[in-house]
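Please treat every number below as a calculation from the coordinates, not as lab data. All values reported here derive from a predicted model rather than from experimental measurement. Glycine gets a Cβ as well: all are built from the backbone with ideal geometry, and neighbour counts include every protein chain shown.
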Amino acid sequence: MDSNKLTPSEVLIDALEYIKKFRDQIFVIKFGGEVMVDEKVLDAVAEDLLLLRYVNIKPVVVHGGGGEISAAMDKFGKKPHFVKGLRVTDEETMDIVQMVLAGKLNNDIVASVNKHGGHAVGISGKSAKLFSAEKVANEEDVDLGFVGEITEVNADLVRTLVEKGYIPVISPIGIAADGSSLNINADVAASKLAVELKASKLILLTGVEGVLSKEGKLIKSLTSEEAGNLIASGVAKAGMIPKLTECIYAIKHGVPKAHIIKAKKHSILEEIFTSEGTGTMVEEK
């Protein structure tokens with residue numbers, strides 16, 4: 001059905017089928033920086049999370065914040081440097097990453113959810129060793145510093161929070177064997193957590209409508225094989241490559257559906273509770 005042509009009652013009935021289908025299931029939702037830069041969007045997304053919780057769907061949030069980290073680095077007189085999309089992270093930069101991610105952005109999201117009547121709890125990937133990690137190998141003979149890849153996910157704390165009715169809000173900071181902090185890609189953290197939690201959906205909020213074809217048109221649905229072909233053929237570019245890669249990873253490891261949608265007012269609800277959707281869905285058919 002085209003949700004734009006439905007009466008209000010038909011929209012509600014349409015949504016009811018999805019509410020019944022997803023009751024008691026976990027959705028892992030990744031916030032990109034696009035969510036945090038507009039307070040109205042953040043508030044609308046927070047309201048979406050509350051509605052999910054009210055209908056017994058269990059959202060878990062993982063957030064990034066690359067733009068905010070770069071802005072903070074600039075204030076401290078440090079110029080961001082990337083190698084193959086990975087931020088070179090020395091000790092001082094890692095302090096800035098933690099300040100921005102585990103500090104300001106995490107608290108902003110928690111505050112937005114809670115001011116609307118929710119019960120969000122902010123944690124980092126270091127909490128209860130949620131994301132154990134090790135330093136990634138050097139790239140192009142450049143020491144990337146405190147950039148990590150996840151070696152193990154211990155989601156016991158997240159499960160406990162979810163079962164108690166809380167909405168976990170997680171900053172993607174890993175913990176190394178020596179206790180040091182490591183900067184983790186938020187898309188990767190979200191996909192690995194979705195797999196560990198046996199989530200029914202991985203939802204990536206981004207700055208574009210979804211995955212676009214070579215002609216620039218929105219692709220509403222993809223199989224993981226088709227998604228891989230878009231990467232291999234060069235149709236998927238830049239920041240869309242890691243997002244599709246992590247959608248493919250999640251699907252291949254048991255998450256039934258992954259979604260890439262634009263961070264805008266109530267896009268989560270439109271994607272989940274209408275047959276038309278709003279972005280791109282990746283699944284095995």
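Report every pair of residues separated by at least 6 positions or lying on different chains whose Cβ atoms are under 9 Å apart, first residue within region 114-135 and free of Cβ contacts under 8 Å to residues at least 12 places away in the same chain, second surrounded by 18 or more Cβ atoms within 10 Å (Cβ to Cβ) and assigned to a loop (DSSP other than H, G, I, E, B). Sorted first by the residue in region 114-135, then by its partner, the list stays empty.
How about region 138-167: which of its residues are under 29 Å from E92 (Cβ atoms) and either touching a Pro at 6+ places or on another chain (Cβ under 7 Å) or in contact (Cβ under 8 Å) with a residue 60 or more places away in the chain (or both)? Residues satisfying the conditions are L144, V147.
Of all residues in region 65-92, those that are under 18 Å from G103 (Cα atoms) have Cβ atoms under 9 Å from Cβ atoms of residues that are of a type in the set (F, W, Y) and in a loop (DSSP other than H, G, I, E, B), 6 or more apart or on another chain, in T89/F146; E91/F146; E92/F76. Any idea how many residues of region 207-224 are closer than 24 Å to V35 by Cα and assigned to a helix (DSSP H, G or I)? Of the residues in region 207-224, 0 are closer than 24 Å to V35 by Cα and assigned to a helix (DSSP H, G or I).
Which one is surrounded by the fewest Cβ atoms within 10 Å (Cβ to Cβ) among residues in region 17-67 that are part of a helix (DSSP H, G or I) and aromatic (F, W, Y)? Walk me through how you get there before you give the answer.
Looking only at region 17-67, we keep the residues that are part of a helix (DSSP H, G or I), and these are 17-22, 33-36, 39-54, 66-67.
Now drop any that are not aromatic (F, W, Y), which leaves 18, 22, 54.
On the way: Y18: 16, F22: 19, Y54: 11.
Only one residue tops the list, namely Y54.
If the condition is being in a loop (DSSP other than H, G, I, E, B) and more than 15 Å from G207 (Cβ to Cβ), then region 242-285 contributes H253, G254, V255, P256, H266, T274, S275, E276, G277, E284, K285.
Considering region 225-241 alone, what residues qualify as being under 26 Å from L193 (Cα atoms) and in a loop (DSSP other than H, G, I, E, B)? Talk me through it step by step, then tell me what you get.
Of the residues in region 225-241, the ones under 26 Å from L193 (Cα atoms) are 225-232, 236-241.
Answer for region 225-241, where residues must be under 26 Å from L193 (Cα atoms) and in a loop (DSSP other than H, G, I, E, B): A236, K237, A238, G239.
Scoring L105 on the criteria (1) under 23 Å from A176 (Cα atoms); (2) of a type outside the set (S, T, N, Q); (3) surrounded by fewer than 22 Cβ atoms within 10 Å (Cβ to Cβ) leaves a single failure, condition (3).
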